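Trainee: Have a look at this one.
The values are calculated or read from the model by the stated rules, or taken from the named source; none is laboratory data. Treat the numbers as computed from the prediction; the structure is a model and nothing was measured. All Cβ positions, even for glycine, are placed from backbone atoms using ideal geometry, and neighbour counts span all protein chains on display.
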Amino acid sequence: MSVIYNSMYYIASGGLILIGLYIVLVKTNLIKIVIGLNFIDTGINILLICIGYIRGKTAPIFSDPRIKSTSVVDPVPQALVLTAIVIGVAVLALALSIVIKVYEHNKTLNVTKIKGLKW
Amino acid sequence: MVNPSLLIGIPLAFSFVVPLFGLISKKIEKYIPIVALLINTAISFILIPQVLKKSIVVSIGGWSPPFCINLVVGPLGIFLATLISGVSLLISIYAVAYIKKEPTEKYHMLFLLLVTGAIGIVLTGDIFNLFVFFEILCVSSYALVAYNKDKEGAEAAMKYLIQGSIGSGFILIGIALLYGIFGTLNMADIANKITLANPTFLFISMAFLLTGFGVEAAVFPLNAWLPDAHSSAPSSISAILSGIAIKTGVYGIARMIYTIFNAEGILTFVAFLGLITLLIGEMSAFKQNDIKRLLAYSSIGQIGLVIFALGIATSLGVFAGLFQIVSHALAKALLFLAAGYMIYKVGSKSITSLNGLGKKMPLTSFAFTIGAFSLIGLPPFAGFISKFLIVYAAIQVKKPIFLAFIAIALIATVIEASYFFKIVQNLFFKESKNLKNITETSGYIVIPIIILTISIIVIGIHPQLITGLLKEAASELLGRGGYIAWVLGGS
Amino acid sequence: MIFQLLLIFIMIILAIAASMFKDLVNAVVVSAAVSLIASILFYFLQAPDVAMAEAAIGAGLTTAIFIIAIRKTERYEK
Amino acid sequence: MRKIISIIVLVIIAAGFVFTFSQIPFGKDKINVAGYYIERGIKQTGAVNIVTSVVLNYRGFDTLGEVTVLFIAALGLGAVLFIERKLKEGIKDKEDKKRKASLILRTGSRILFPLILLFGAYIFIHGHLTPGGGFQGGAIIASGFLLMYLAFPRKSINKRTSNIIESVSGLVFVGIGLLGLVFSGYFLTNFLPKGVPNTLFSSGIIPIIYIAIGLKVGFELTGIIDDLLGRSR
């Protein structure tokens, strides 16, 4: 059981990253590709939070004076993930605006039909 | 003492100020980048002698490293920061007259933020902060590539964005893995503890980080985005992307390999990759008919040469690589600016349409020729010294494989020479068709072209102006103990 | 713990489903559900700040931006 | 062909993940640098939410960068989707006639909108005491505006005002950083008195910066939605 417990969050994050990469590499629809990028971001965020998690400890907020400084999880990855989430949504919004622009010029979202996007 | 955090704070603050000035008058906003970058260039020149005496480590927030983010202003950092500020200052002067398409105030803000990102990357001493600045650089360049809002621009930006996002995702995975093992994000602290971890683990996390930086540095096989992005952006942006942005990717690679991971084992492989990048870039450039695509492919080639030089890993090799960064930044910025001006006048990007422009636009064509000659490596221009030094350094290694490498590099140079000579010949010796009303105007566009031309010649004739700084920078890269000692104090 | 395992299982299934849907609106809604589950997981991992940010930004605004973009382009993957 | 290559790449990456994740034990105490923040965070910054003190104080420079990234995205989006004024008027008239939201949505959102704004403001003002902060509060404010956009297709925020708010709050952030440089020689130092922890007026510059971030993020995200809808004048 403890094997499952220890690995399930890693499976979640690794799985999301791989599914996202699969979507980006294989799918041909531009909006799908952006969804894939979003999954990659979410997966990385889960990975970072997992790294900071310590079993049996609470969130690093000392609003209750009974919480001792030895009983909280690592706050740094949480700060990093906050940054990463905002960066992720910024990139995503810009990506979608460029998708709209590409669509206006080509009238399609299919990568294989857009000359400048074939790879 | 001037605080180096101003180097990042000033362009950032000025870019936030632009819309407020826009309320007063629409005419002021295009001069704001010039003012900001002028201050920046001045600060970085003031800092150079201080840094050469003793490297400056400033903490942001007032705690001692590794407990807070700190800027490490060593010789390498200040050298790159000066180069970035100087070149982007010239490009911002060019942009005053060149950028006509609305919304111009957004262009100028994005440009300043791009420069902020590039300076932040080279100065920061914290690996996650490096990622954040990397995102600033990348996101603003995605937006600027699409700035023309035409078909090519949007498609190129899309391609760049997809590949760049995967690259920055990989960087973040690498950072997460490093944090998981070492519990710290300070680069010097990680470098100090690097021997404690499992080597395979380190190799995998390094692979993630190098792939991420490789996308921005356009190392083969991660360079599919570059020709499109650099050729369809506005010319001033092509200049800064080719001159500055890809160098920050190279800086990231060098910092990872030399300082953090101390990975001597993969250096020959890196040199090999650089060489393939060089050969592919030059061969593709040879086939192009579009002048901006040609210059973009030539950038891939030149960046391959830089990476090759960094892979030699002797002090002379790294020194030559850094010299190549300077000469390529100046020459490529000049070429893109001159080509952009010619395209702007002629109205077509094809090489044949530039035939005979030498008589109509003598100054620009002359500047273009100087830039091309410097890239090829003809004396007495800056490019000659860097190429000569790279070849010399590779011979000095005395490994047979490096001799083979040199042969390939020379072949690439011959290819490069042939296409540049073709263009120069067309410029001056072909008859011009329907180029009647084209004249050169003096003003904002010509000033940076002249300054860049002069600086290429001056550095070519008096390389000792920069060699002192570059030698220190090369020894910073190779001597990682020194870097760790600056930041963490003692050893 | 079973509950978390179940959530992770559903999340992976939904992510795979998002890659299969031909209707992009379905794909976007499903990916919003993935973000929402991620935010619950953040809560279980003792990161309430992040859970809140992910729920507000990842599941809420991102979906709205996607829907607007789909309305401006086309809805079905061809 | 493309599928096969992609799957090979993915398998390699997956193998890398399996190996590296197995080296990082889940749930074990591996705190290194963060221990310093946990032990001294409250004393040094006055914020009981250690995540906030890390975000805004120990790693405040990252946050400045992150705000900048969002700012760039909003700018870039505006630049990419920029339409010349003449073209815009034509498009507007055509689209506007078609849409009108239902009465329930309009009335409901009129009531909810101020509450949502208040909630968002609460979240970012109490960022140093409770979970939440500028980013979460800003996102909530933006979703309030999103609701208004759905209910009233013809209305839009005043782009000029929102640009000014964005600029000023960005300048407040950088300006506080520069003031720290003036007062104590370090960029972004917490130079104000820290106060008594666990009260609203505590922890120096943190609430001020979080208010600035909250406003900036809120208006930037609203501006992004506005630009995507192509509605503002």
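Trainee: Which numbered condition in (1) touching a residue at least 24 places away in the same chain (Cβ under 8 Å); (2) surrounded by fewer than 18 Cβ atoms within 10 Å (Cβ to Cβ) is the only one that residue D:190 fails?
Mentor: (2)
Trainee: Here are some conditions: (1) part of a helix (DSSP H, G or I); (2) touching a Ser or Thr at 6+ places or on another chain (Cβ under 9 Å). Residue B:453 meets all but one. Which one does it not meet?
Mentor: Here residue B:453 clears every test but (2).
Trainee: Any idea which residue in region B:17-58 is nearest to the chain's Cα centre (by Cα), counting only those that are free of Cβ contacts under 8 Å to residues at least 40 places away in the same chain and within 11 Å of another protein chain (Cβ to nearest Cβ)?
Mentor: Result: B:17.
Trainee: Could I ask something else about it? Out of (1) more than 12 Å from chain D (Cβ to nearest Cβ); (2) free of Cβ contacts under 8 Å to residues at least 60 places away in the same chain, what's the single condition that is false for residue B:97?
Mentor: (2)
Trainee: Okay, moving on. Identify all residues within region B:289-310 that are farther than 12 Å from residue B:226 by Cα and in contact (Cβ under 8 Å) with a residue 60 or more places away in the chain; write none if there are none.
Mentor: If the condition is that a residue be farther than 12 Å from residue B:226 by Cα and in contact (Cβ under 8 Å) with a residue 60 or more places away in the chain, then B:289, B:290, B:291, B:302, B:304, B:305, B:307, B:308, B:309, B:310 are the ones that fit.
Trainee: Taking region D:182-212, which residues are at the interface with another protein chain (Cβ under 10 Å from one of its Cβ atoms) and within 19 Å of the chain's Cα centre (by Cα)?
Mentor: Across region D:182-212, the qualifying residue is only D:188.
Trainee: May I ask you to verify whether residue A:108 is at the interface with another protein chain (Cβ under 7 Å from one of its Cβ atoms), among the polar types (S, T, N, Q) and within 28 Å of residue C:26 (Cα to Cα)?
Mentor: No; evaluated as a whole, the condition is false for this residue.
Trainee: Inside chain C, counting only helices (runs of 4 or more DSSP H) that do not spill past its ends, which hold 1 or more residues that are without any contact (Cβ under 8 Å) to a residue 24 or more places away in the chain and either under 18 Å from residue A:44 (Cα atoms) or away from chain D (no Cβ under 14 Å) (or both)?
Mentor: Answer list for chain C: C:2-20, C:24-44, C:48-53.
Trainee: Any residue that is free of Cβ contacts under 8 Å to residues at least 12 places away in the same chain, over 21 Å from residue D:47 (Cα atoms) and in a helix (DSSP H, G or I) - is there at least one of those in region D:135-145?
Mentor: Of the residues in region D:135-145, the ones free of Cβ contacts under 8 Å to residues at least 12 places away in the same chain are none.
No, region D:135-145 contains no residue that is free of Cβ contacts under 8 Å to residues at least 12 places away in the same chain, over 21 Å from residue D:47 (Cα atoms) and in a helix (DSSP H, G or I).
Trainee: In region D:199-233, what residues are assigned to a loop (DSSP other than H, G, I, E, B) and within 26 Å of residue D:188 (Cβ to Cβ)?
Mentor: D:199, D:200, D:201, D:202, D:203, D:204
Trainee: Check whether at least one residue in region D:123-134 is touching a residue at least 24 places away in the same chain (Cβ under 8 Å), of a type in the set (Ser, Thr, Tyr) and surrounded by fewer than 21 Cβ atoms within 10 Å (Cβ to Cβ), and report yes or no. Please lay out each step first, then the result.
Mentor: Initial filter on region D:123-134 (touching a residue at least 24 places away in the same chain (Cβ under 8 Å)): D:123-131, D:133-134.
Okay, now just the ones that are also of a type in the set (Ser, Thr, Tyr), so D:130.
Adding the requirement that they be surrounded by fewer than 21 Cβ atoms within 10 Å (Cβ to Cβ) leaves D:130.
For region D:123-134, residues touching a residue at least 24 places away in the same chain (Cβ under 8 Å), of a type in the set (Ser, Thr, Tyr) and surrounded by fewer than 21 Cβ atoms within 10 Å (Cβ to Cβ): present.
Trainee: Right, something else. Among the helices (runs of 4 or more DSSP H) confined wholly to region D:1-66, which include 2 or more residues that are within 7 Å of another protein chain (Cβ to nearest Cβ) and either under 23 Å from the mean Cα position of the chain (by Cα) or closer than 27 Å to residue D:132 by Cβ (or both)?
Mentor: D:34-45, D:50-53
Trainee: Here's a follow-up. Residues of region A:12-29 being over 19 Å from residue D:8 (Cα atoms) and either aliphatic (A, V, I, L, M) or at the interface with another protein chain (Cβ under 7 Å from one of its Cβ atoms) (or both), which ones?
Mentor: Kept after step one, since they are over 19 Å from residue D:8 (Cα atoms), are these residues of region A:12-29: A:12-13, A:29.
The answer is A:12, A:29.
Trainee: Further question: Could you grab the pairs with beta carbons closer than 7 Å, sequence gap of 6+ or different chains, first residue in region A:94-119 and within 23 Å of residue D:226 (Cβ to Cβ), second one surrounded by 24 or more Cβ atoms within 10 Å (Cβ to Cβ) and hydroxyl-bearing (Ser, Thr, Tyr)?
Mentor: These pairs meet every condition: A:94/B:142.
Trainee: Same structure, new question: All but one of (1) at pLDDT 90 or above; (2) crowded, with 23+ Cβ neighbours inside 10 Å; (3) closer than 23 Å to residue B:377 by Cβ; (4) not aromatic (Phe, Trp, Tyr) hold for residue B:316, so report the exception by its number.
Mentor: Exception for residue B:316: condition (2).
Trainee: Kindly list the number of the only condition in (1) of a type outside the set (A, V, I, L, M, F, W, C); (2) over 14 Å from residue B:3 (Cα atoms); (3) at pLDDT 90 or above that fails for residue B:105.
Mentor: Going through (1) of a type outside the set (A, V, I, L, M, F, W, C); (2) over 14 Å from residue B:3 (Cα atoms); (3) at pLDDT 90 or above one by one, residue B:105 breaks only (3).
Trainee: Can you give me the number of residues within region B:115-156 that are more than 19 Å from residue D:66 (Cβ to Cβ), facing chain D (nearest Cβ under 8 Å) and assigned to a helix (DSSP H, G or I)?
Mentor: Total meeting the criteria: 4.
Residues checked against (1) more than 20 Å from residue B:465 (Cβ to Cβ); (2) part of a helix (DSSP H, G or I); (3) at pLDDT below 90:
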| position | (1), (2), (3) |
| --- | --- |
| B:35 | yes, yes, no |
| B:44 | no, yes, no |
| B:47 | no, yes, no |
| B:58 | yes, no, yes |
| B:63 | yes, no, yes |
| B:76 | no, yes, no |
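Trainee: Scan region D:15-43 and report the pairs whose first residue is at negative phi and whose second residue is charged (D, E, K, R), with Cβ atoms within less than 6 Å and a gap of 6+ or a chain change.
Mentor: Cβ pairs passing all conditions: D:31/A:74; D:34/A:74.
Trainee: Which one of the conditions (1) within 12 Å of chain C (Cβ to nearest Cβ); (2) touching a Gly at 6+ places or on another chain (Cβ under 7 Å) does residue D:150 fail to meet, given that it meets all the rest?
Mentor: (2)
Trainee: Can you tell me which residue is modelled with the highest pLDDT among those in region D:112-134 that are assigned to a loop (DSSP other than H, G, I, E, B) and touching a Gly at 6+ places or on another chain (Cβ under 8 Å)? Steps first, answer last, please.
Mentor: From region D:112-134, those assigned to a loop (DSSP other than H, G, I, E, B) are D:126-133; that's our starting set.
After this cut, where a residue has to be touching a Gly at 6+ places or on another chain (Cβ under 8 Å) as well, the list is D:126-128, D:133.
Working: D:126: 87, D:127: 84, D:128: 84, D:133: 84.
Of everything passing the filter in region D:112-134, D:126 is modelled with the highest pLDDT.
Trainee: In this structure, does residue B:174 turn out to be in contact with a helix residue (DSSP H, G or I) (Cβ under 7 Å, 6 or more places away or on another chain), more than 10 Å from chain D (Cβ to nearest Cβ) and either part of a helix (DSSP H, G or I) or under 23 Å from residue D:6 (Cβ atoms) (or both)?
Mentor: Numbers: in contact with a helix residue (DSSP H, G or I) (Cβ under 7 Å, 6 or more places away or on another chain): yes; more than 10 Å from chain D (Cβ to nearest Cβ): no; either part of a helix (DSSP H, G or I) or under 23 Å from residue D:6 (Cβ atoms) (or both): yes.
Considered against the rule, which asks whether it is in contact with a helix residue (DSSP H, G or I) (Cβ under 7 Å, 6 or more places away or on another chain), more than 10 Å from chain D (Cβ to nearest Cβ) and either part of a helix (DSSP H, G or I) or under 23 Å from residue D:6 (Cβ atoms) (or both), residue B:174 comes out as no.
Trainee: Follow-up. For region D:111-122, what are the residues that are closer than 21 Å to residue A:81 by Cα and without any contact (Cβ under 8 Å) to a residue 60 or more places away in the chain?
Mentor: Here is the first cut: in region D:111-122, the ones closer than 21 Å to residue A:81 by Cα are D:120.
None; the set is empty.
Here's the yes/no breakdown for (1) farther than 30 Å from residue A:43 by Cα; (2) more than 18 Å from the chain's Cα centre (by Cα):
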| position | (1), (2) |
| --- | --- |
| B:103 | yes, yes |
| B:108 | yes, yes |
| B:120 | no, no |
| B:129 | no, yes |
| B:137 | no, no |
| B:157 | no, yes |
| B:161 | no, yes |
| B:176 | no, yes |
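Trainee: Test residue B:110 against the criterion of being in contact with a Pro (Cβ under 8 Å, 6 or more places away or on another chain), crowded, with 22+ Cβ neighbours inside 10 Å and in a helix (DSSP H, G or I), and give yes or no.
Mentor: Details: in contact with a Pro (Cβ under 8 Å, 6 or more places away or on another chain): no; crowded, with 22+ Cβ neighbours inside 10 Å: yes; in a helix (DSSP H, G or I): yes.
Against the criterion (in contact with a Pro (Cβ under 8 Å, 6 or more places away or on another chain), crowded, with 22+ Cβ neighbours inside 10 Å and in a helix (DSSP H, G or I)), residue B:110 does not qualify.
Trainee: May I ask you to list the residues in region B:227-245 that are in contact with an Asp or Glu (Cβ under 9 Å, 6 or more places away or on another chain) and closer than 17 Å to residue D:79 by Cα?
Mentor: B:232
Trainee: When you look at residue B:288, is it outside any helix (DSSP H, G or I), more than 19 Å from residue B:404 (Cβ to Cβ), among the polar types (S, T, N, Q) and touching a Leu at 6+ places or on another chain (Cβ under 9 Å), yes or no? Write out each step before concluding.
Mentor: Details: outside any helix (DSSP H, G or I): yes; more than 19 Å from residue B:404 (Cβ to Cβ): yes; among the polar types (S, T, N, Q): yes; touching a Leu at 6+ places or on another chain (Cβ under 9 Å): yes.
Against the criterion (outside any helix (DSSP H, G or I), more than 19 Å from residue B:404 (Cβ to Cβ), among the polar types (S, T, N, Q) and touching a Leu at 6+ places or on another chain (Cβ under 9 Å)), residue B:288 qualifies.
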